[in-house]
Amino acid sequence: MSFPLLTATAALPALGAIATAAVPAARRTAAKWLALVFSLATLVLAALVVVRFEPGGARYQITESHAWISDFGVRYELGVDGIGVALLALTALLIPFVILAGWHDADPLEDTRPNRRWRPTQGFFALILMVEAMVILSFEATDVFLFYILFEAMLIPMYFLIGGFGDRAHAGGDEAAATQRSYAAVKFLLYNLVGGLIMLAAVIGLYTVAGTFSLSEIAEARANGSLSIATGTERWLFLGFFFAFAVKAPLWPLHTWLPNAMGESTAPVAVLITAVVDKVGTFAMLRFCLQLFPEASKWATPAILVLALISIVYGALLAVGQRDMKRLIAYASISHFGFIIMGIFAMTSQGQSGATLYMVNHGISTAALMLVAGFLITRRGSRLIADYGGVQKVAPVLAGTFLIGGLATLSLPGLSPFVSEFLVLVGTFSRYPVVGIIATIGIVLAALYVLVLYQRTMTGPVKAEVRAMPDLSVRELVVVAPLIALLLFLGVYPKPLTEIVNPAVEHTLSDVQQTDPKPEVEAAP
Amino acid sequence: MSATAVHSLWTTTAAGGIDKIPAPNIEYAQLAPTLIVAGAAVLGILIEAFLPRKARYHAQLFLSVVALAAAFAAVVALAAGGYGTSKKHIAAMGAIAIDGPTLFLQGTILLASVVAVFTFAERRLDPESHGNRIDSFAAQAAAVPGSEGEKDAVRAGFTTTEVFPLALFAVAGMLVFPAANDLLTLFIALEVFSLPLYLLCALARRKRLMSQEAAVKYFLLGAFSSAFLLFGIALLYGYAGSVSYARIAEVVDGTVQNVSPTLADTMGNDALLLIGGALILMGLLFKVGAVPFHMWTPDVYQGAPTPVTGFMAAATKVAAFGALLRLLYVVLPGLRWDWRPVMWAVVIVTMLGGAIVAITQTDIKRLLAYSSIAHAGFILAGVIAATPEGISSVLFYLGAYSFVTIGAFAVVTLVRDAGGEATHLSKWAGLGRRSPLVAAVFAVFLLAFAGIPLTSGFSGKFAVFKAAADGGAGALVVVGVIASAIAAFFYIRVIVLMFFSEPRPEGPTVAVPSALTTMAIGIGVVVTLVLGVAPQYFLDLASQAGGFVR
């Protein structure tokens, strides 16, 4: 038996979480370093996965399969396709930066030391690693039940991260902030739990129809005709799955938890939500909705495209109107998730490769923008845009990195999000021209909200409270610089990513029996 | 002769003179679990009578634990001997069925009881009073609350060690209840386990009036439901001419031979069957705590001493569901088309009713009471699947649920202020800051109640919902899922309160328990996680045990 690489990639951060949680209260710094080391080691394993993955090979690679709960027909089955590899790599890549960016976010305040057992710092980093473990395993699961368990279980550590750790400025027993935060955490949990429970009904329904949870067995049974799902049943099951993923992604009108959750949590946790955990939702649409229910996916496409369009435009419009910069980024993310979902359901190869690239690039660009915004908020102690002004004169490096993050968010050519946004639009346009045209409104609005944000905070006269603001520290630079380098690199040379992703997208498209539409006008001679 | 034993005795008497009563043929070895527990209970009474006061506590605790462990060993031995599968049969002249569900449920009841007895015996939670360690039970039950007599009893350091034999009697009744194979045995077992429970409910050391009120309510409503059950038994006897399960099932199926002439007029009268069956179901649904027979649950759960609440919530539920399963699967399978629609309605209102009303609760014990009602609904969803998977999923759920319940109530006993347990939810604010470990453990139990994956609650819920869906009750699964979502809300609310609220200045303290309660809670956590992550072995056990003997 070969080395279980995929299990190890998920088990390592889980072990790290346990180890970090066990560090005594006084050794806070040791806990931080331990968490960082574990996340870096996970990154190494993830790199190994990328190296061992052969883009042209079998659909699912590096597979593992063990019996688990045979009474439920559940197996512990892992395997990655190109989409999974890309997202796995993204997750493993972002977590060290999240940890480093949140280095001081969970230090206990000097005046509140009620109990030597209360170890918020250890808990914070342990929870982050726990989320990483579950997210990575969910990208690897090829058994519907296993995926479902992780999909639900990851809510719990996420919930404690949102509810338990707020911005430094508010942490000192500010009752109102604490109430807001626990409201946000509960809203996050309830939305996702309801989505998950509805999916549970669909999961049980799938089992009563198919008799197994294994993706490969279901695909095989489909191919040889021993399994055929009645149209009505398939549509109900599809809706059950899609609902859960649409809450997670999030898609309008199920998005309202995201601005609360991202607004109230610390910047690294907000990155964890939008750049890592939410990707599980869009990933699952590609992997489960399309693969398990191809007919129903095609049936639902028009409605979903409309919802995605509303997300794109509505998210961008609300982002323009925000006064709180974290909520602004949250609404921008809702708009971006609209693009991703549109790309997935355009059912073209450009659209879906674009959507997958979009997931990766959105992760990196949002991380860059949000983490810099977090550094800014830590310095001034306020999330309101109006409290800033003229920062670029005081802290030019901070302002510069903020600008690059922002430009990546508005998909400036030369930065990686441009590639994916372009692919999504092209892919959508070739099948649904009207949808593609309306979606471009989102791009225009993106330019508006990003540039206005930059203008109001960074330019203009220097405000009194900002005057003494220090520029980025070495730790903060170490967080931001690699992300920006990556944005530039993938913007100019996206080939390594597309090579991995494209074959997987072809597989998914053949599941739904779709081919790219032929160009209607022959190219001019 | 066993199937119609009671009936034939009756007819010989009527025919004129008793010629000869045959010595009953009892399989003592197969009844060993019940006999051991009942014997130990009698011994416990003798200990109360003859041992000096100082020595009673240790003697009673030792006796109870040993007896329960020995009875569990007997259950395991019987199961290993194949009495759950190949050798399942009806023992004790038709009164007791020895089969898979019986042994599985008896094992569950015994294990849960051992854990519950640990919480009964806890004496470290309160500070010592007058140099005596005190437990959760009244110093002297007969002393009027607040009277001089009570103060004298406290000063003298009296303790109500009778709780151990009382609990053992209750356990003995519970062991018989799911095994009962005729209606009279069913009724006697019901009384044997109910009466000690009524008493136990009245014995709280703190808030004695509330405890006594709970006991009276429980007793009155319980007596009422017993009357229903008894009336139903009478009607079914009129219908079938026998109280034996097998005989009634035969009459229901219409395959009966040799009709007794004295009963020929009423026999096979469907009105008797339907009304009688409904009355018996009511009696059992009362014990299970299903809506609309749930009214007693919140008051009794709140008023009873918390260790007793935990014991009741776990073991009674297991026993009552066992009896309900046997009744529906063995006696009334022929009536499936009549009882399923009714049970559908009961399941739906139970799941939704429990979950919705729980939202408004402000007392942790009442909240857990309503949560237990919602869980009764989930279990009933598996019961009405009417398939072998339905049986085994219910068995599994009961096992998983009872340990979470006892553990959760054991945690409730730890959070205390000057007035005893601090059960008002507002006092739990910020518990996560004061004692992260206790709060984390309680959070695990709450997550299991909420059915979050990787806990036993999820495995159980998945099993019953799957069985219900397979049994053609897909709509019930959808309702169940909605009820779970509602229920999740109030479990999460408690977690929010514990972890994200600021601790109150005059908040409760968390008592450091002795090894007994620690063990009870520890067992609860371990079972919760093991059944959540690797439930396969126990699912196998439950599905092997899923066959009733007829």
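The table for this structure:
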read-out	value
Residue within the stretch B:510-525 that is more than 12 Å from chain A (Cβ to nearest Cβ) and more than 27 Å from the chain's Cα centre (by Cα) present	yes
Yes/no for residue A:213 being within 25 Å of residue B:489 (Cα to Cα), within 12 Å of chain B (Cβ to nearest Cβ) and touching a residue at least 24 places away in the same chain (Cβ under 8 Å)	no
Filtered residue count, the stretch B:532-545, keeping only those that are within 11 Å of another protein chain (Cβ to nearest Cβ), under 14 Å from residue B:399 (Cα atoms) and either touching a residue at least 12 places away in the same chain (Cβ under 8 Å) or of a type in the set (Val, Ile, Thr) (or both)	7
Any hit, the stretch A:105-117, residues being away from chain B (no Cβ under 11 Å) and in a helix (DSSP H, G or I)	no
Condition check for residue A:233: closer than 29 Å to residue A:69 by Cα, over 25 Å from the mean Cα position of the chain (by Cα) and in a helix (DSSP H, G or I)	yes
Qualifying position, being in contact (Cβ under 8 Å) with a residue 60 or more places away in the chain and surrounded by fewer than 19 Cβ atoms within 10 Å (Cβ to Cβ), among B:210, B:174	B:210
Test: residue in the stretch B:492-503 that is more than 10 Å from chain A (Cβ to nearest Cβ), farther than 22 Å from residue A:212 by Cβ and touching a residue at least 12 places away in the same chain (Cβ under 8 Å)	yes
Residue ID - farthest from the chain's Cα centre (by Cα), chosen from residues in the stretch A:212-228 that are part of a loop (DSSP other than H, G, I, E, B) and under 17 Å from residue A:288 (Cβ atoms)	A:227
Residues of the stretch A:63-83 that turn out to be of a type in the set (Gly, Ala, Ser) and part of a loop (DSSP other than H, G, I, E, B), as a count	1
Residues within the stretch B:534-550 that are assigned to a helix (DSSP H, G or I) and of a type outside the set (D, E, K, R), tallied	8
Residue B:508, sole failed condition from (1) surrounded by fewer than 22 Cβ atoms within 10 Å (Cβ to Cβ); (2) closer than 20 Å to residue B:433 by Cβ	(1)
Residue match in the stretch B:341-361 (condition: free of Cβ contacts under 8 Å to residues at least 24 places away in the same chain, more than 25 Å from residue B:492 (Cβ to Cβ) and assigned to a helix (DSSP H, G or I))	yes
Matching entry among B:325, B:281, B:263, B:273 (being at pLDDT 90 or above and more than 14 Å from the chain's Cα centre (by Cα))	B:281
Filter result (crowded, with 24+ Cβ neighbours inside 10 Å and part of a helix (DSSP H, G or I)) within the stretch B:72-102	B:75, B:100, B:101, B:102
Among (1) crowded, with 20+ Cβ neighbours inside 10 Å; (2) more than 29 Å from residue B:509 (Cβ to Cβ); (3) among the small types (Gly, Ala, Ser); (4) modelled with pLDDT under 85, the one test that residue B:41 misses	(4)
Every residue from the stretch B:106-131 that is among the polar types (S, T, N, Q) and closer than 19 Å to residue B:418 by Cβ	B:129
Flag if residue B:386 is away from every other protein chain (no Cβ under 12 Å) and part of a helix (DSSP H, G or I)	no
Candidate set from the stretch B:518-550 (those that are among the polar types (S, T, N, Q) and modelled with pLDDT of 90 or more); member that is surrounded by the most Cβ atoms within 10 Å (Cβ to Cβ)	B:528
Residue tally, condition surrounded by fewer than 22 Cβ atoms within 10 Å (Cβ to Cβ), at the interface with chain A (Cβ under 7 Å from one of its Cβ atoms) and in contact (Cβ under 8 Å) with a residue 12 or more places away in the chain, over the stretch B:481-491	1
Selection count, the stretch A:189-210, where residues are more than 28 Å from residue A:157 (Cα to Cα) and without any contact (Cβ under 8 Å) to a residue 24 or more places away in the chain	2
In the stretch A:121-152, the residues that are within 13 Å of chain B (Cβ to nearest Cβ) and within 18 Å of residue A:193 (Cβ to Cβ)	A:127, A:130, A:134, A:138, A:145, A:147, A:148, A:149, A:150, A:151, A:152
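Listed here are the residues, each with its yes/no results for (1) surrounded by 23 or more Cβ atoms within 10 Å (Cβ to Cβ); (2) on the phi < 0 side of the Ramachandran plot; (3) touching a residue at least 60 places away in the same chain (Cβ under 8 Å); (4) not β-branched (Val, Ile, Thr).
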residue: A:217; (1), (2), (3), (4): no, yes, no, yes
residue: A:227; (1), (2), (3), (4): no, yes, no, yes
residue: A:233; (1), (2), (3), (4): no, yes, no, no
residue: A:238; (1), (2), (3), (4): yes, yes, yes, yes
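The values are calculated or read from the model by the stated rules, or taken from the named source; none is laboratory data. As the structure is a prediction and not an experimental result, all values here were calculated from the model. Heads up, the Cβs are rebuilt from the backbone with ideal geometry, glycines too, and the neighbour counts pull from every protein chain shown.
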